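These notes are about the structure you will find just below.
The values are calculated or read from the model by the stated rules, or taken from the named source; none is laboratory data. Small disclaimer: the values here were computed from a predicted structure and weren't measured. Using ideal geometry, Cβ is built from the backbone for each residue, glycine included, and neighbour counts are taken over all protein chains shown.
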């Protein structure tokens with residue numbers, strides 16, 4: 001569930017809040033913990049000139065430049081996760097065993113233009 | 001949620017959505033690992049997802065399997081063998097490509113067994129590999145042999161070395177547990193508690209899933 005964007009959302013690429021509640025997807029009867037977690041997502045623009053804090057590659061800088069000269073022909077770079085972190089999930093498996101599993105790349109910590 | 005849900009379940013390493021029929025209590029050790037992973041900000045950042053710090057072994061999946069075995073007839077002359085039990089674990093949840101990195105058997109006893117063994121007695125515990133029908137493999141030496149003079153509520157036996165070669169995914173694991181009592185000079189005084197002292201058994205396995213294995217080999 002992502003809250004409606006604030007009135008004056010920053011147009012630039014950055015992590016946006018997204019809370020995933022396992023009961024929303026009907027998984028609460030087999031996932032023991034957590035009940036949900038802050039997964040976040042990346043949203044926003046990668047405009048020319050690319051600001052340094054947008055964690056972009058040289059290629060993305062070039063691409064924004066070409067996009068500003070030829071918007072129809074070349075799209076802007078994409079705003080994507082560049083650093084993610086793991087979470088652990090405690091759950092019952094199909095044989096009623098209790099399982100604790102670490103899952104990588106489950107939380108978006110940082111976004112960038114690529 | 002149809003196709004999306006099954007795709008997500010597969011990425012979580014599940015073939016189908018679990019629907020627990022008789023879910024048991026969550027073993028305290030798993031709660032401890034779960035909470036430690038969420039609270040301890042490591043000096044170098046997040047906890048390493050492919051290592052179980054509680055046991056200091058590589059791994060990203062910790063499972064606790066409940067014992068489904070039954071008590072077996074002692075068979076030996078009364079009084080010497082206190083307890084003989086088939087321990088049977090359904091390991092079908094293990095997936096192809098998972099590598100076993102740790103195996104720990106927990107034997108739990110009731111409080112009232114604390115008087116067991118009686119003074120001057122020593123308890124000897126032996127654990128054998130067995131066929132699923134509960135017969136110890138003939139001539140096989142025990143996987144574990146321990147003797148102790150005092151029972152505790154919980155006894156942990158490390159089976160990592162013993163199981164690493166033989167537990168392939170999708171198999172069951174059958175063991176025979178024997179607890180016998182011997183007194184000084186070999187004579188046994190008084191009966192030993194036997195099956196009523198026994199509370200439960202569970203098997204904790206740590207495995208390294210395929211994705212972690214790939215990540216580790218890349219590193």
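Can you tell me which residue within the stretch A:72-101, out of those that are in contact with a helix residue (DSSP H, G or I) (Cβ under 7 Å, 6 or more places away or on another chain) and within 14 Å of chain B (Cβ to nearest Cβ), is surrounded by the fewest Cβ atoms within 10 Å (Cβ to Cβ)? The selected residue is A:90. Is there a residue being more than 14 Å from every other protein chain (Cβ to nearest Cβ) and in contact with a helix residue (DSSP H, G or I) (Cβ under 9 Å, 6 or more places away or on another chain) anywhere in the stretch A:14-35? Yes, the stretch A:14-35 has at least one match.
If only residues of the stretch B:7-29 that are farther than 18 Å from residue A:28 by Cβ and surrounded by 13 or more Cβ atoms within 10 Å (Cβ to Cβ) are counted, the one that is farthest from the other protein chains (Cβ to nearest Cβ) is B:29. Against the criterion of being more than 12 Å from chain A (Cβ to nearest Cβ), at pLDDT 85 or above and within 27 Å of residue A:96 (Cβ to Cβ), residue B:127 qualifies.
The set of residues in the stretch A:36-47 that are exposed (fewer than 15 other Cβ atoms within 10 Å of the Cβ) and either within 14 Å of chain B (Cβ to nearest Cβ) or more than 16 Å from the chain's Cα centre (by Cα) (or both) contains only A:38. Selection of first residues in the stretch B:36-65 that are within 11 Å of chain A (Cβ to nearest Cβ) and of second residues that are modelled with pLDDT under 70 and surrounded by 18 or more Cβ atoms within 10 Å (Cβ to Cβ), restricted to Cβ pairs under 7 Å at least 6 apart or on distinct chains, gives the following pairs, ordered by first then second residue: B:37/B:47; B:53/B:47. For residue A:61, the conditions (1) surrounded by fewer than 19 Cβ atoms within 10 Å (Cβ to Cβ); (2) at pLDDT 95 or above all hold with the exception of (2).
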